[in-house]
1. Would you tally the residues in the range 117-142 being in contact (Cβ under 8 Å) with a residue 12 or more places away in the chain and exposed (fewer than 12 other Cβ atoms within 10 Å of the Cβ)?
2. Tell me, please, whether a residue that is touching a residue at least 60 places away in the same chain (Cβ under 8 Å), in a helix (DSSP H, G or I), more than 16 Å from the chain's Cα centre (by Cα) and closer than 23 Å to Glu22 by Cβ can be found in the range 220-227.
3. Please specify each residue of the range 55-77 satisfying the condition of being open to solvent by 60 Å² or more (accessible area, probe 1.4 Å) and either among the acidic types (Asp, Glu) or assigned to a loop (DSSP other than H, G, I, E, B) (or both).
4. So Glu226 clears everything in (1) open to solvent by 70 Å² or more (accessible area, probe 1.4 Å); (2) touching a Lys or Arg at 6+ places or on another chain (Cβ under 7 Å) except one condition, right? Which one?
5. Quick one: would you say Ala54 is at pLDDT 95 or above and under 24 Å from Gly160 (Cβ atoms)?
6. In the range 229-275, what count of residues is obtained for those that are surrounded by fewer than 16 Cβ atoms within 10 Å (Cβ to Cβ), among the charged types (D, E, K, R) and touching a Gly at 6+ places or on another chain (Cβ under 9 Å)?
7. Before we move on, is Pro151 under 15 Å from Gln224 (Cβ atoms) and either surrounded by 14 or more Cβ atoms within 10 Å (Cβ to Cβ) or at pLDDT below 95 (or both)?
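The values are calculated or read from the model by the stated rules, or taken from the named source; none is laboratory data. These numbers were taken from a predicted model, which means no experiment stands behind them. Reconstructed Cβ throughout: ideal geometry from the backbone, glycine too, with neighbour counts over all protein chains shown. Note: areas computed on protein heavy atoms with side chains; ligands, DNA, RNA excluded. Shrake-Rupley method; radii C 1.70, N 1.55, O 1.52, S 1.80 Å.
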Amino acid sequence: MYSWKKKVGDIEVFILKDGETEFGVETFSGTNQSEISELLKVNNRKAIETNFNAFLIKSGGKNILIDAGAGTLFGPVAGNLSKALEEVGVMNDDISNIIATHLHPDHIGGMISKSGNKIFENAALTLTQDEYSFWNKEENFKSNPEDQNLPLNVLSAYSGNINLISGEEDLGLGLSAIDLPGHTAGHIGVMISSGNDSFAIAGDIIHAQYLQINNPEIGVIFDQDEKLAQKSRKKMLDMLATDKIAFSGGHILSPAIGFVENNGLGYSWVQSGLS
């Protein structure tokens, strides 16, 4: 099974599982083995598990994709987006818009083919101006120029239909951007609202839910600005806990729907049922 459905008022949200893997301790910068071992024990986990998730939103007769998985970049551990879309009866050409939470490989690899062509022919690509600007500046990649290649290839493939937004903007059809910089320069989440119901897609504020929800000060080596990412993580978790909003994210484990509760020092994950 590669897809799970959540109703948000009149909007349908599908969590699409592109893949899964495990992280090593070295992924979590500034965190020692003993703390990680204790958090895993507290949460009854044996390894630092993670998912690669994308999301399909059906709203107002439109099919909106949020992120697109890793494509073929990670080999057999990912690349299942097409299977997930097939499960929910959506073809690539049915996608009208793609929202990129950010331009890391596991979120955009599935947007283009090996030859660099658009996979979603009829889709516009939406991302923040800050994200677009960061990946287009050669000076940001003097020590690692290869990191710029995939984002530029994706932006080139969709260049005829790119929408640049701020980090806090109404996207229409019940969707709005949530400004969460730090993981990348223009990283965002997406709030989905219909009637009195809300659901949040928190992007990549969490890579390992049984570590970083309990202790939101734990960062990952993928964060461009670890302190700013930490600030965004705390901001998002506080909002989710205070307003009791169900959420998912790019690396939450399947079925990848739940809540967070404030437990004083940090937060705790509460698994939610599907509806």
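1. So the first thing to find is which residues in the range 117-142 are in contact (Cβ under 8 Å) with a residue 12 or more places away in the chain, and the list is 117-136.
Still in the running and exposed (fewer than 12 other Cβ atoms within 10 Å of the Cβ): 117, 121.
So the answer is 2.
2. Yes, the range 220-227 contains a residue that is touching a residue at least 60 places away in the same chain (Cβ under 8 Å), in a helix (DSSP H, G or I), more than 16 Å from the chain's Cα centre (by Cα) and closer than 23 Å to Glu22 by Cβ.
3. Our first condition is that a residue be open to solvent by 60 Å² or more (accessible area, probe 1.4 Å); within the range 55-77, this holds for 60-62, 72-74, 76.
Once the filter is applied, which keeps residues that are open to solvent by 60 Å² or more (accessible area, probe 1.4 Å) and either among the acidic types (Asp, Glu) or assigned to a loop (DSSP other than H, G, I, E, B) (or both), the range 55-77 yields Gly60, Gly61, Thr72, Leu73, Phe74.
4. The single condition Glu226 does not satisfy is (2).
5. Working: at pLDDT 95 or above: yes; under 24 Å from Gly160 (Cβ atoms): yes.
The answer is yes for Ala54.
6. 1
7. Working: under 15 Å from Gln224 (Cβ atoms): yes; either surrounded by 14 or more Cβ atoms within 10 Å (Cβ to Cβ) or at pLDDT below 95 (or both): yes.
Here the answer is yes, as Pro151 does meet what is asked.
Listed here are the residues, each with its yes/no results for (1) modelled with pLDDT under 95; (2) open to solvent by less than 70 Å² (accessible area, probe 1.4 Å); (3) in contact with a helix residue (DSSP H, G or I) (Cβ under 7 Å, 6 or more places away or on another chain); (4) among the aromatic types (Phe, Trp, Tyr).
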position: Asn144; (1), (2), (3), (4): yes, yes, no, no
position: Gly160; (1), (2), (3), (4): yes, no, no, no
position: Ala177; (1), (2), (3), (4): no, yes, no, no
position: Gly186; (1), (2), (3), (4): no, yes, yes, no
